[in-house]
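Below is one structure, written out as structure tokens, with a few remarks after it.
The values are calculated or read from the model by the stated rules, or taken from the named source; none is laboratory data. Because the structure is predicted, anything quoted here is derived from the model rather than measured. Methodologically, a virtual Cβ is constructed for each residue, glycine included, from the backbone with ideal geometry; neighbour enumeration extends over all protein chains shown.
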Amino acid sequence: MPFTTFDFTTSATCLPGTPRGTCSNASYQSCATVDDCVLADTICPPDIVDDGGCFHDYPLGIYEPAHVVVRPQDGSLWFTSYFLGNEIGRLDPATAQVRHFPMTAVPFAPQRAPFTALAKLPSWPWDVKVTPTGDVVAAEYAANRIAWFDASRVGDPACEMLSAPGLTPEECTGSIDNSTSPPTLVLWDSRCTNSCMKEYLVPGAWVPDSSHPPFTHVAVQALFTIDFDEWRNTWFDQGYLNPSRRSFILLPPLLGLYPTSFTAGNPPDLHSGMGPGIVIDRNRGDIWAVDYFGLRLNRLHKTT
């Protein structure tokens, strides 16, 4: 069977504009270069009624979206802002409206840091899931936190900003000090939180380490995926967050208990509890995890 090839050339041009141009073959489509205009005329224009002959394009306003999930209660799409990201977002496909919900500062973040430390400061949220009750939960990869968002408050402007009693909006936003070379990042105050979101830090996920000033701690590996069991526990790499969302139950490092020949030089770490990829068998109640360093799958089996 021969392979099908596609010709992505276009005779369209990117007409100059500020801050971005527009495609000559689709005036409603913005562009930075002519490459953005390839097949732009097949993207549905705004307010179209019959979209049977075009496809929809939903700009999110972030750098690299990662995982996405549908919230069945209202059909909205929820996504994580991964690369240098510090928020989760929501898309309403009916209106194309996008909302952004920021997260708090990374644990132990300094008040000021050189611009070169930018990659260490966001939480880099990765996985996102919808709970049985309709709330939205995300795994903060770099912060080692589980973010729990009260989805019933969507539409409340307070959910789209960080705030703290007695602090100004500027103190909860952060800024860049260009008077230094390289520029200095002025972080938002650690007291600033999202009133619609609770963030739960995995115990022992950060350890004291002053080898990279102005940081005083370093993260132990990272947090990847999450899932929910029949008791509504939130399972993650090393254990679970109980239904009250007030405490963690951590598993012993399985690589330490059951080492393999593939683990030489890889001592047990945060991912050694179960593994960075978690999924739950809804029929049997089994909890499966990808054991990254052990090159195997781990299973917790429900017993009576």
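Taken together, the criteria place GLU171 among residues that are buried (at least 16 other Cβ atoms within 10 Å of the Cβ), out of contact with any Gly (no Cβ under 8 Å at 6 or more places or on another chain) and free of Cβ contacts under 8 Å to residues at least 60 places away in the same chain. Here CYS159 clears all of (1) modelled with pLDDT under 95; (2) in contact with a Phe, Trp or Tyr (Cβ under 8 Å, 6 or more places away or on another chain) except the condition numbered (1). Quick check: anything in the range 68-76 surrounded by 15 or more Cβ atoms within 10 Å (Cβ to Cβ), of a type outside the set (D, E, K, R), at pLDDT 90 or above and closer than 30 Å to ARG153 by Cα? Yes, the range 68-76 contains at least one residue that is surrounded by 15 or more Cβ atoms within 10 Å (Cβ to Cβ), of a type outside the set (D, E, K, R), at pLDDT 90 or above and closer than 30 Å to ARG153 by Cα.
Output yes when any residue across the range 119-130 is of a type in the set (Val, Ile, Thr) and within 26 Å of ASP237 (Cβ to Cβ), and no when none is. Among the residues of the range 119-130, at least one is of a type in the set (Val, Ile, Thr) and within 26 Å of ASP237 (Cβ to Cβ), which makes the answer yes.
Conditions (1) at pLDDT 80 or above; (2) hydrophobic (A, V, I, L, M, F, W, C); (3) within 29 Å of ASP135 (Cβ to Cβ), marked per residue:
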position	(1), (2), (3)
THR234	yes, no, yes
ILE249	yes, yes, yes
THR263	no, no, no
ARG284	yes, no, yes
LEU300	yes, yes, yes
THR303	no, no, no
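Would it be correct to say that GLY155 is farther than 16 Å from ASN86 by Cβ, over 21 Å from the mean Cα position of the chain (by Cα) and not assigned by TED's automatic domain parsing to the domain that holds ALA289? In short, no. Looking across the range 41-67, the residues that are surrounded by 11 or more Cβ atoms within 10 Å (Cβ to Cβ), touching a strand residue (DSSP E or B) at 6+ places or on another chain (Cβ under 8 Å) and farther than 21 Å from ALA139 by Cα come down to ASP41, THR42, ILE43, CYS44, PRO45, CYS54, ASP57, TYR58.
Quick one: VAL49 ticks every box in (1) part of a strand (DSSP E or B); (2) not assigned by TED's automatic domain parsing to the domain that holds CYS196 except a single one, so which number is it? (1) is the only condition that VAL49 fails. Scanning the range 187-213 for residues that are more than 18 Å from GLU87 (Cα to Cα) and not in a loop (DSSP other than H, G, I, E, B) returns TRP206, VAL207, PRO208. Residues in the range 92-134 that are within 25 Å of ASP227 (Cβ to Cβ), touching a Lys or Arg at 6+ places or on another chain (Cβ under 9 Å) and either in a loop (DSSP other than H, G, I, E, B) or without any contact (Cβ under 8 Å) to a residue 40 or more places away in the chain (or both): 9 in all. In this structure, does ASP74 turn out to be within 30 Å of ILE226 (Cβ to Cβ) and in contact with a Ser or Thr (Cβ under 9 Å, 6 or more places away or on another chain)? No, not satisfied. For the range 27-37, the criterion of being farther than 30 Å from ILE226 by Cβ and part of a loop (DSSP other than H, G, I, E, B) is met by at least one residue.
For the range 198-209, the criterion of being in the same structural domain as PRO114 (by TED's automatic domain parsing), surrounded by 20 or more Cβ atoms within 10 Å (Cβ to Cβ) and touching a Ser or Thr at 6+ places or on another chain (Cβ under 9 Å) is met by none of the residues. Residue check: LEU251 meets all listed conditions (1) on the phi > 0 side of the Ramachandran plot; (2) not assigned by TED's automatic domain parsing to the domain that holds ASN86 but one, namely (1).
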